[in-house]
Structure formats: structure tokens, C-alpha cells
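Report on the structure given below.
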Amino acid sequence: AVAAHSYALARKALAQQTQTSAPMGAYFSANPSSRLGYVTDDVMKQMWGDAYAENRARLVGLVQPVLSEVLTYDGQPALACYHAISNGATQASEAVWGTALPYLVSVESLFDLSSPEYEQSLSLSSLEVSQLLSQTIMGLDFSGDPSGWFAQMDRTPQGYVTKVHFGQASCNAADVRTALGLRSTCFTVRYESGAFCFTTKGYGHGVGLSQWGAKAL
């Protein structure tokens, strides 16, 4: 609750500082339909069913005592990012968004390896991969043998992919993750019999607090 509140205030301050706004003059946008940044009561009822009243009461009980508490850095609200599960180490903010923040650096989070959802696999045909990537990323060349499409990938020291090179073109791994529906940018790729098998470690962008790591601690 404190992290989410601090993040919202930091986004508000950034919008005011840069004089930019989201649609309809908002400080930033959220997508309640996909549970990104904001969840409505109706969505919570769908999520929790008969346990809605109990869960919502618990949620309110957790949030209300900390409504006045904010994480700050140098006197300003901190961009307190969080994700579900790291790959065993969190990511530095500049590796994902290009901007370095002194409190969003890479640290070990070894408890994440104990999560039952730490490692997941996803299989996609070569046609599905080319179609999904072409819908959102322009200029990629899929004319060569599919076995070489993911042959060149740049990684951080922590193992997260930063760039994927397709021949002369390259794209951000975060865009590949979104287009293909991968759980993390820490992934390996195996190609056989016309299909790709993506194995991911962790879940989310990997920056800031690991929720599973915090739970384990």
C-alpha cells in the first residue's frame, strides 16, 4: 500500500514537472480491465467471488493505517516500483526504462527461486511468433530460417535480456516480452520442429521490490 501510494505521488510529481499528462488530463494512466495499476470493485468481486467481503475488509484494514505514510528520496516521493518474482536478482531501472535512479539498483533476491511459479514455459509456432512481433514491432526481418531468429540476444549481468537482434534490426526485450506474452525478460529460447519454446524465470519487469521475495523474508 505504501509503495503504490508513493509510486502514484511520484508519477504525479513527474507529470507536473514535465508538464505532460495522460488522457483526460490525468497525471498517469492505469488499466483496470487488465488489473494494471488500478482494480475496480466489480473486478475484485469477479476475482474473489464469495470471499469478496472478507478479502476487501482485510485489504481496507491493511491500507487505512498507512494512508499517510510515503516513501521518499531526497524529500520527494519515490518511484517505488515492484514486481511479482525476480530471477534471483532485481533489475536496475536503467536496464528497463533507460533512467537510472539511485534507489532502484540491482540486488540479490534469492528467495524468489523458491516460488512455485519461478520458472514457466510457453510454446509458440514460428508463424505465431512472426505475427505477434510484427503487430507491435516494426522493421523486423523474418525471412531467414526461424532457428536463427533469437540467436543474438544482449543480457544484463543478472541474466535479463535487454536486446534481441533479428539480422540487421534489433528491438527491446521488453517489447518482445509484451508482444509474445512472456512472463519475464529473463528467458531462453529453444527451436525445434517448427515451434519455439520460451522458458522464463521470474514474473514482471524485475525493478524494485520483489513481492515474492518480500513474502519469503
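A simple packing score, the average count of other Cβ atoms within 10 Å per residue, orders the peptides 116-127, 75-86, 100-111 as 75-86, 100-111, 116-127, with the highest score first. Taking every alpha-carbon pair in the stretch 165-217 and binning the separations at 5 Å intervals from zero gives 4, 16, 20, 24, 16, 9, 5, 4, 1 percent. Of the residues Tyr52, Gln16, Phe28, the one whose Cα sits farthest toward the positive end of the charge dipole of the stretch 1-150, with +1 on the Cβ of Lys and Arg and -1 on the Cβ of Asp and Glu, is Gln16.
Of the peptides 5-13, 144-152, the ranking by mean beta-carbon count within 10 Å, highest at the top, reads 5-13, 144-152. Only DSSP H runs of four or more residues enter the estimate; each adds -39500 (n - 2.57), and after division by the residues of the chain the mean residue ellipticity at 222 nm equals -9000 deg cm²/dmol. The fraction of accessible area contributed by carbon and sulfur in the chain is 52 percent, rounded to a whole number (1.4 Å probe; ligands and nucleic acids excluded).
Each Lys or Arg adds one and each Asp or Glu takes one away; over the other residues whose Cβ falls under 15 Å from the Cβ of Phe28, this sums to +2. Annotation for Glu54 and Thr99: the two label points, set 7 Å from Cα along the Cα-Cβ direction, are 4.2 nm apart. Taking a point 7 Å out from the Cα of Gln168 in the direction of its Cβ, the residues of the stretch 117-138 whose backbone N falls within less than 17 Å of it are 138. The dipole here belongs to the chain: it is taken about the Cα centre, uses +1 on the Cβ of Lys and Arg and -1 on the Cβ of Asp and Glu, and is about 280 debye. Around Leu113, under 14 Å between beta carbons, what's the net of Lys plus Arg minus Asp minus Glu among the other residues? For residues surrounding Leu113, the net value is -2. Note that the stretch 94-175 presents 61 Å² accessible area per residue, ligands and nucleic acids not counted, probe 1.4 Å. Only Lys, Arg, Asp and Glu carry charge here, each on its Cβ (+1 for the first two, -1 for the last two); on that basis the stretch 109-216 has a dipole of about 280 debye about its Cα centre. The string of couplings for the stretch 56-73 from the Karplus curve (6.51, -1.76, 1.60, θ = phi - 60°) is 5, 4, 5, 4, 4, x, 7, 7, 4, x, 10, 4, 9, 9, 9, 7, 10, 9 Hz, one whole number per residue in order, with x for Gly and Pro. Considering only Gly148, Ala179, Thr199, the residue lying farthest towards the positive end of the dipole of the stretch 148-217 is Thr199, judged by Cα position with unit charges set on Cβ.
For Gln46 and Phe142, the difference between the fully extended length at 0.36 nm per residue and the C-alpha to C-alpha distance is 30.5 nm.
For the stretch 113-202, the C-alpha radius of gyration divided by 2.2 N^0.38 Å, with N the number of residues, is 1.04. Counted over the stretch 81-217, the DSSP beta bridges are approximately 90% antiparallel. From zero up to wherever the largest Cα-Cα distance of the chain sits, split into 5 Å bins and tell me the percent of pairs in each. Calculated P(r), rounded to whole percents: 1, 6, 11, 15, 16, 16, 14, 10, 6, 3, 1, 0.
The values are calculated or read from the model by the stated rules, or taken from the named source; none is laboratory data. Model, not experiment: these values are computed from the prediction. In this analysis, Cβ positions are derived from the backbone assuming ideal geometry, glycine residues included, and neighbour counts consider all displayed protein chains. Accessible surface areas use protein heavy atoms only, side chains included; no ligands, DNA or RNA. Shrake-Rupley method; radii C 1.70, N 1.55, O 1.52, S 1.80 Å.
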